[in-house]
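**Q** Have a look at the structure that comes next, please.
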Amino acid sequence: MKLTDNVLRSFRVAKVFRENTDKINCFDFCSNGEAIISSSDDDSLVLYDCQEGKPKRTLYSKKYGVDLIRYTHAANTVVYSSNKIDDTIRYLSLHDNKYIRYFPGHNKRVTSLSMSPVDDTFISGSLDKTIRLWDLRSPNCQGLMHLQGKPVCSFDPEGLIFAAGINSEMVKLYDLRSFDKGPFATFKLQYDRTCEWTGLKFSNDGKLILLSTNGGALRILDAFKGAVLHSFGGYNNSKGVTLEASFTPDSQFVMIGSEDGKIHVWNAESGMKVALLDGKHTGPITCLQFNPKFMTFASACSNMAFWLPTIDD
């Protein structure tokens with residue numbers, strides 16, 4: 001089944017889960033699309049089975065809190081950042097709820113965490129104005145970059161380069177094998193005083209970069225030239241909330257939630273809005289991602305919603 005404007009417009013909430021008492025601050029699908037894990041400000045990690053459409057188990061990180069969470073390539077392990085006590089990144093086995101390793105180094109909150117799509121490398125960006133490069137097999141940082149401002153960062157889909165958005169005004173591209181030599185491309189964007197960049201993602205075809213903000217606008221850049229192709233607005237975000245924006249897996253569409261519980265969808269190529277979906281969320285939709293393998297997506301405030309299409313175009 002192919003994603004079209006009509007199929008997107010037909011999506012409806014199939015299930016709502018109320019496992020959390022506070023906002024869900026992050027979630028991630030595993031690479032085969034069969035599971036999703038969420039982290040919440042109530043210090044819990046909830047694991048959902050996407051095929052059966054139900055929560056499987058809940059783990060807690062009461063001491064350290066849990067913020068950004070990412071699956072590694074092994075389906076039963078995750079890395080996550082903390083929002084209490086310290087800014088160490090933790091590597092957790094879900095199977096027996098035991099820490100495999102700690103990654104200390106950041107001394108302010110981690111705001112970006114991206115797993116390499118091809119191996120055990122991951123990168124983290126922090127309010128301490130650094131990006132650190134890690135390998136799951138070692139607690140020692142494999143690379144450290146000091147920046148002029150706070151970063152958002154992400155790997156490209158082939159895991160060969162990573163992008164760093166710095167100070168909400170420039171995007172730098174680095175070759176993973178020689179990042180210590182500095183960026184091979186720098187794109188300077190017009191600075192927007194009204195908001196800060198909160199996320200950076202590549203499209204799956206590697207051609208586009210999506211910059212999300214804590215304001216009422218998103219931007220798509222050409223990943224090779226750095227030109228701004230589209231700016232998307234018109235969704236509610238008056239309180240400066242961090243709203244996650246995402247590409248669909250086919251790189252054709254961009255979606256974001258809003259503080260009024262609605263989801264806005266645009267065509268990435270034409271820039272036209274194609275759908276406005278009502279998720280009936282009780283608070284701002286802070287997290288939104290499309291399943292990498294199945295025709296479903298998830299959105300979250302303090303509740304988690306699974307969406308399915310009601311037509312097969």
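**Q** Quick check on this structure: which one of V7, V46 is open to solvent by less than 50 Å² (accessible area, probe 1.4 Å), hydrophobic (A, V, I, L, M, F, W, C) and either part of a strand (DSSP E or B) or more than 26 Å from A268 (Cα to Cα) (or both)? Reasoning before the result, please.
**A** Numbers: V7 fails: either part of a strand (DSSP E or B) or more than 26 Å from A268 (Cα to Cα) (or both).
Just one listed residue meets the conditions, V46.
**Q** Working only within the stretch 217-255, note down all residues that are open to solvent by less than 20 Å² (accessible area, probe 1.4 Å) and hydroxyl-bearing (S, T, Y).
**A** Across the stretch 217-255, the qualifying residues are Y235, S246, T248, S251.
**Q** Consider the stretch 294-313. How many of its residues are part of a strand (DSSP E or B) and open to solvent by 10 Å² or more (accessible area, probe 1.4 Å)?
**A** Let us first name the residues in the stretch 294-313 that are part of a strand (DSSP E or B), namely 297-300, 304-308.
Narrowing the set further to residues that are open to solvent by 10 Å² or more (accessible area, probe 1.4 Å) leaves 306, 308.
Number of matching residues: 2.
**Q** Follow-up question, since we're still on this one. For the stretch 98-120, which positions are over 13 Å from L68 (Cβ atoms) and buried (at least 20 other Cβ atoms within 10 Å of the Cβ)?
**A** Selection gives S116 alone.
**Q** Something else about it: May I ask you to say which residue of A275, A268 is in contact with a Lys or Arg (Cβ under 8 Å, 6 or more places away or on another chain) and either crowded, with 19+ Cβ neighbours inside 10 Å or of a type in the set (A, V, I, L, M) (or both)? Talk me through it step by step, then tell me what you get.
**A** Numbers: A268 fails: in contact with a Lys or Arg (Cβ under 8 Å, 6 or more places away or on another chain).
Just a single option satisfies the conditions, and that option is A275.
**Q** Of the conditions (1) open to solvent by 60 Å² or more (accessible area, probe 1.4 Å); (2) under 21 Å from the mean Cα position of the chain (by Cα); (3) modelled with pLDDT of 90 or more; (4) not charged (D, E, K, R), A75 satisfies every one except a single condition; which number is it?
**A** A75 satisfies all of (1) open to solvent by 60 Å² or more (accessible area, probe 1.4 Å); (2) under 21 Å from the mean Cα position of the chain (by Cα); (3) modelled with pLDDT of 90 or more; (4) not charged (D, E, K, R) except (3).
**Q** Related question: If the Cβ limit is 7 Å and pairs must be 6+ apart or interchain, which residue in the stretch 82-110 that is farther than 17 Å from K62 by Cβ pairs with which residue that is open to solvent by 70 Å² or more (accessible area, probe 1.4 Å) and of a type in the set (V, I, T)?
**A** Y91/I100; S93/I100
**Q** For L133, work out the one condition from (1) open to solvent by 30 Å² or more (accessible area, probe 1.4 Å); (2) in contact with a helix residue (DSSP H, G or I) (Cβ under 9 Å, 6 or more places away or on another chain) it doesn't fulfil.
**A** Against the list (1) open to solvent by 30 Å² or more (accessible area, probe 1.4 Å); (2) in contact with a helix residue (DSSP H, G or I) (Cβ under 9 Å, 6 or more places away or on another chain), L133 comes up short only on (1).
**Q** In the stretch 270-295, what residues are touching a residue at least 40 places away in the same chain (Cβ under 8 Å) and of a type in the set (A, V, I, L, M)?
**A** V274, A275, L277, I285, L288, M295
**Q** Is there a residue being over 28 Å from P249 (Cα atoms) and assigned to a loop (DSSP other than H, G, I, E, B) anywhere in the stretch 23-40?
**A** For the stretch 23-40, residues over 28 Å from P249 (Cα atoms) and assigned to a loop (DSSP other than H, G, I, E, B): absent.
**Q** Moving on to the next point. Take the residues in the stretch 178-216 that are among the polar types (S, T, N, Q) and surrounded by fewer than 21 Cβ atoms within 10 Å (Cβ to Cβ); name whichever of them is modelled with the lowest pLDDT.
**A** Of everything passing the filter in the stretch 178-216, T194 is modelled with the lowest pLDDT.
**Q** Would a scan of the stretch 163-170 turn up a residue that is buried (at least 20 other Cβ atoms within 10 Å of the Cβ), under 25 Å from L47 (Cα atoms) and of a type outside the set (V, I, T)?
**A** No, the stretch 163-170 has no match at all.
The values are calculated or read from the model by the stated rules, or taken from the named source; none is laboratory data. Because the structure is predicted, anything quoted here is derived from the model rather than measured. Note that we place each Cβ from the backbone using ideal geometry, even for glycine, and neighbour counts take in every protein chain shown. Accessible surface areas use protein heavy atoms only, side chains included; no ligands, DNA or RNA. Shrake-Rupley method; radii C 1.70, N 1.55, O 1.52, S 1.80 Å.
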